[in-house]
1. Under a plain spin-label model, where a point goes 7 Å from the Cα along Cα-to-Cβ, how far apart in nm are I32 and R176?
2. Just flag the GluC sites (Glu not before Pro) in the stretch 103-188 sitting in loop per DSSP whose Cβ has no more than 11 other Cβ atoms within 10 Å.
3. Taking every DSSP beta bridge with both residues inside the stretch 87-132, roughly what % is antiparallel (nearest 5)?
4. Holding the Cα-Cα limit at 26 Å, pick out from K30/K64; K35/K71; K26/K61; K71/K127; K35/K127; K30/K127 the pairs that are longer than that.
5. Hey, with R₀ at 25 Å, roughly what FRET efficiency would I41 and E95 work out to, going by the Cβ-Cβ distance, to 0.05?
6. Under 5 Å between amide hydrogens, which residues at least 5 positions from A109 or on another chain qualify, with H placed 1.01 Å from N in the peptide plane?
7. Per Stokes-Einstein, at 37 °C and 0.692 mPa s, what whole-number D in µm² s⁻¹ belongs to the stretch 1-99, with the Kirkwood radius over Cα pairs as the hydrodynamic radius?
8. When the Cα centres of the stretch 98-154 and the stretch 14-56 are compared, how far apart do they sit, in Å?
Amino acid sequence: MTVQTNPIGILALQGDYFEHGRVLKKLGHKFIYVKTPEELIQVESLILPGGESTTMRKLAKQNKLWDRLKKFKGPMLGTCAGIILMAKEITGPSEEGLGLLDVTIARNAYGSQINSFTDMGQYIQKKKNIEMVFIRAPQITRIGERCEVIAEYKGQPVGVQQGNLIGLTFHPEISRNYDLIERFLSLK
Ligand code: GLN
């Protein structure tokens, strides 16, 4: 295991932040839940969980975190609503993203709650089939030049990496496979 000085942060305004905490604990990593700017400056990497991106954006603005998140320089992992918040462009309907990850993301692109599903997809770099849980998931409809596709489902990109940023449209934290969370944990 790598030696860590600062804990990993998990944005804990809304959504399934507790599930991310459970996984980090299981993998033996120190973390704190982030709700305030004071907590944000204590962490060197950050997870934006799944949930409801509209609510998270609203709460992040209320808690004076939104502009600080735009300037966050450490490794970041966004799962589902998390990748929506990280995106440069959001459609369905158009909303403000943090502008960190150079993708366009279409919200609720598979349909509503009843169109949520679990299936096997591919972790490209490992040439490995992994379980993917999609819950009112978005779709990546444009990928910037600096982004590398790291996960695919039925030939469509569902995970991208741009430098130390990873965005996934699904929920690794509630699947039985943590490979992509470990990929994030190894980022500098
Ligand atoms: N549909 C949600 C949104 O638009 C994302 C769902 C999720 O995070 N599971 O924010």
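1. Inter-label distance under the simple model: 3.6 nm.
2. Loop-located and lightly packed - E145.
3. 60
4. K26/K61; K71/K127; K35/K127; K30/K127
5. My answer for the efficiency is 0.40.
6. Q139
7. Using the Kirkwood radius from Cα pairs, D works out to 243 µm²/s.
8. Measuring centre to centre over Cα atoms gives 20 Å.
We did not get these values from a lab; they are worked out from the coordinates using the rules stated. Just so it is clear, the model here is predicted, and its values are computed rather than measured. Ideal geometry is used to build each Cβ from the backbone, glycine not excepted, and the neighbour counts take in all protein chains shown.
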